[in-house]
1. At 20 °C and a viscosity of 1.002 mPa s, what translational diffusion coefficient does Stokes-Einstein give for the stretch 244-289, taking Rh as the Kirkwood radius over Cα pairs? Give it in µm²/s as a whole number.
2. Let me check the size of the stretch 4-117 from its C-alpha atoms; what are the radius of gyration and Dmax in Å?
3. Taking R0 as 30 Å, what's the FRET efficiency between I76 and T108 from their Cβ-Cβ distance, rounded to 0.05?
4. In a shell of Cβ-Cβ distance under 10 Å around D236, excluding D236 itself, what net charge do Lys and Arg (+1) and Asp and Glu (-1) give?
5. Modelling each spin label as a point 7 Å along the Cα-to-Cβ direction, I'd like the A85/S67 distance in nm, to one decimal.
6. May I ask for the Kirkwood hydrodynamic radius of the stretch 138-289, worked out over all distinct Cα pairs and given in angstroms to one decimal?
7. Return one quarter of the surface area of the convex hull spanned by the alpha-carbon atoms of the stretch 72-111, equal to its mean projected area, in nm².
8. Using label points projected 7 Å from each Cα along Cα→Cβ, tell me how many nm separate R234 and Q280, to one decimal.
Amino acid sequence: MIPKVYISGKLYEKADAKISVFDHGLLYGDGVFEGIRSYGGRVFRLEAHVERLFDSAKAIGLQIPMSREEMARAVIETLAANKLADAYIRLMVTRGAGSLGLDPRRTTDPQVIIITDQISLYPEELYDHGLKIITAGTTRNHPNALNPKIKSLNYLNNILAKIEGTEVGCLEALMLNHKGEVAECTGDNIFLIRHGVLKTPPGDAGILEGITRGAVIELARQVGYTVYECTLDRYDVYTADECFLTGTAAELIPVVECDGRVLGSGRPGPITRELRQRFQALVREDRSR
Ligand code: PMP
């Protein structure tokens with residue numbers, strides 16, 4: 001089946017899904033996006049993703065040309081048109097086409113783009129055995145420069161760190177903030193577990209406040225775990241009993257090594273495995289939003 005791509009109110013065949021080379025989304029990375037997933041035809045936390053998209057847009061002064069409800073409906077309709085049950089959905093809003101020059105006032109018509117695709121996960125064996133990561137030398141964007149809370153179309157900060165990881169055979173890389181504190185990985189949030197307590201960096205560490213992160217915090221608290229959002233450094237990572245990452249694409253994936261240090265037992269730990277199972281049950285059941 002030929003996938004259909006939504007662009008500003010219409011569905012196009014993949015080959016015909018095109019936008020202008022003068023779009024400031026392309027010229028300057030000027031725009032915002034979301035990565036969303038559906039399970040069994042139901043979109044996981046669609047409202048939260050749409051809200052984050054609108055918040056990102058507001059932060060960069062971009063007026064999205066439709067309401068939140070229309071945006072949510074467009075996602076659901078695009079998914080239905082593509083007859084995908086388990087899908088990865090890429091929702092983007094660009095600044096729109098304009099003349100050369102940074103000034104957003106040179107643009108007209110922000111473009112809303114929705115691409116749906118099969119989900120490509122990390123290989124299953126990594127969920128069983130855990131990821132190895134390194135700390136990247138690339139510092140996560142300073143919140144006063146480009147706040148990581150904004151999910152902007154300019155992901156070069158993360159891509160530079162990702163390259164550092166892949167060059168040494170690691171599929172994810174840990175990024176520290178400008179103070180040297182643990183922030184997040186290139187496309188995932190990070191959790192540590194020590195003596196049965198979960199810890200994850202707070203929003204003001206300079207992170208994207210992941211929807212999966214939020215769901216896992218809720219879930220862990222519901223089943224009785226203590227979760228702290230607190231400042232963490234690399235010492236905390238190296239001495240953790242367990243470590244895992246969260247993200248829409250990755251879901252919840254264990255980490256067993258960082259910078260050559262074996263974390264905990266070197267195997268995915270029991271709390272990580274329990275939370276992964278509970279998260280998988282949640283995404284298939286969640287009808288709450
Ligand atoms: N941090 C970054 C930098 C990301 O790109 C992502 C993935 N969108 C995440 C964290 C995880 O966020 P979410 O759980 O909302 O996918």
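1. Rounded, D is 182 µm²/s.
2. 13.9, 44
3. 0.60
4. Every neighbour counted, the sum reads +1.
5. Spacing of the two 7 Å Cα→Cβ label points: 3.3 nm.
6. In the stretch 138-289 this quantity evaluates to 15.6 Å.
7. So the Cα hull casts an average projection of 3.8 nm².
8. 3.4
The values are calculated or read from the model by the stated rules, or taken from the named source; none is laboratory data. Just so it is clear, the model here is predicted, and its values are computed rather than measured. Every residue, glycine among them, receives a Cβ derived from its backbone with ideal geometry; neighbour counts consider all protein chains shown. Side chains included, ligands, DNA and RNA excluded: accessible areas come from the protein's heavy atoms. Shrake-Rupley method; radii C 1.70, N 1.55, O 1.52, S 1.80 Å.
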